[in-house]
Amino acid sequence: MGRTYIVEETIGQYLSHLNLQGKSLVSGLLIGQCSSQKDYVILATRTPPKEEKNENLKHPKDHLENLDEEWVTEHANQVSRMLPGGLLVLGIFIITTLEMGNDFQNTLRRLVFAVEKSMNKKRLWSFTEEEVSDRVTLHICSSTKKILCRTYDIHDPKSSAKPADWKYQNGLSTSWLSLECTVHINIHIPLSTTSVSYTLEKNTKNGLARWAKQIENGVYLINGQVKAEECDLLEGQKKPRGNAQASSCSFDVRVLTQLLLNSDHRSTATVQICSGSVNLKGAVKCRAYIHSNKPKVKDAVQAVKRDILNTVADRCEILFEDLLLNEIPEKKVMNSEKEFHILPHRVFVPIPGSTVMLCDYKFGDESAEEIRDHFIEMLDHRIQIEDLEITEEINTAFLSSSINSEAPLDNRDDEQPKEPMQTTIVSKIQRNMGMIAAFAVALLAVGISFHYFSD
């Protein structure tokens, strides 16, 4: 017996009304959450149509073997940034005008592996052995209305397709639990002279990987309490009366990171010759969602951890993209004695008809209309500007000064003189597939500073 996918009923309506616009197929992503017993799908979004240079000629992309794998994976990368903790791209769907043969199934298989591989490259965390590794492909024939649902094990490159059940349920995403926390970060990343051949982005990601271990090993308080991992998240909560649903349940999470190693671990200071450093500072607003069907504490904590790691890594990646798009060469940044940039703010927006909110990132000069338009482009769901939850914030960022060209690898936030930057570089990013999206500026005051030392 294969896996069961419990699907929000509105997704069925969405898929049945998708317009193929004269093409032989349309593809898209399925978004939701895995659990040991079953998977939950709460959103489907079509891949934005790609503009063809010669539209008056034939449509070469109409052939299944020419399905644009790169375009689909790029869309998945963009959408993955918009998912709070607990939500994943669970797979892909394709709607065709005709029923397809075995060759088409091979195309779907190749595509679902490519999508997962592309998203996995950017993560600061890894899946555990206990987690579900199946990803779903859904094929719908628009003429016969036939649905074919199959899964592939992404941990096994040679895995074959397994049948799966696709079941619709009304109001699926109105009963999810939310977890919120604010994490104050102050990350110092020394740039060693031995890593000068690496890009600034790669050096930063390597530094974030060290910080990620602190987040993974932290202690997480849920509503002020430390709970056993296997404990039911809702244990001790008052049961809703009448028609009230568990959707009103929101948990406050606080993160305690370890400052010192355990006594059984020896710590030695390592001196590293550095050409500069990157400093990330600010308050990061994090949010995660988990289904209300017997949720475990360990699943909730894991969702929060991954949201913390994702949002910090995504902001850095977006900033580096912005520097490239605005033609600010890395050499210029590297040669500057001091550089200061404001990282994009996190913004939240509700899914229509759901209590779950998605997120994206915006720079300061982007308008609400741009946010709305990008949300429509990426997720193919319309939102109203008045529905956007907006939290104003004041950005403050400080640049640590140093007189040494050496820094310990395990720098623990030594007290250093701080001086506010008088000018900030706040720029707008336009990504490969459109403008930055989705709104409700979550409490964030994160800044990134590049500090380079003279020879």
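The values are calculated or read from the model by the stated rules, or taken from the named source; none is laboratory data. Here the structure is a predicted model, which means the values were calculated and not measured. Please note: Cβ atoms are built from the backbone with ideal geometry, for glycine as well, and neighbour counts cover all protein chains shown. Keep in mind that these areas ignore ligands, DNA and RNA; they rest on the heavy atoms of the full protein, side chains included. Shrake-Rupley method; radii C 1.70, N 1.55, O 1.52, S 1.80 Å.
Placing a label point 7 Å from the Cα of ASN19 along the Cα-to-Cβ direction, the residues of the stretch 82-118 whose backbone N falls under 18 Å from that point are 95-97.
Classify the stretch 111-216: rounded, prolate or oblate, from the alpha-carbon gyration tensor (a ≥ b ≥ c, eigenvalue square roots; a/c under 1.5 rounded; otherwise prolate if a/b is larger than b/c)? In terms of gyration-tensor shape, prolate. Remark on VAL7: its backbone amide H falls under 5 Å from those of VAL41, LYS167, TYR168, GLN169, a criterion applied only to residues 5 or more positions apart or on other chains, H modelled at 1.01 Å from N.
Which entries of LYS162/LYS362; LYS205/LYS298; LYS50/LYS205; LYS38/LYS158; LYS50/LYS305 have Cα-Cα distances beyond 32 Å here? Walk me through the numbers on the way to the answer.
Details: LYS162/LYS362 40 Å; LYS205/LYS298 26 Å; LYS50/LYS205 30 Å; LYS38/LYS158 23 Å; LYS50/LYS305 35 Å.
Among LYS162/LYS362; LYS205/LYS298; LYS50/LYS205; LYS38/LYS158; LYS50/LYS305, the Cα-Cα distance tops 32 Å for LYS162/LYS362; LYS50/LYS305.
Near the amide H of GLY91, within less than 5 Å, lie the amide hydrogens of LEU30, VAL136, all on another chain or at least 5 residues away, with H placed in the peptide plane. Amide H of VAL284 versus every other amide H placed in the peptide plane: which residues, excluding those fewer than 5 positions away on the same chain, fall under 5 Å? For VAL284, whose amide H was placed from the backbone, the distant partners under 5 Å are VAL183, HIS184, ILE185.
Could you sort TYR168, TYR220 by accessible area so the largest value comes first, with the probe set to 1.4 Å? Display every interim value, and only then the final one.
Values: TYR168 90, TYR220 20 Å².
Greatest to least solvent exposure: TYR168, TYR220.
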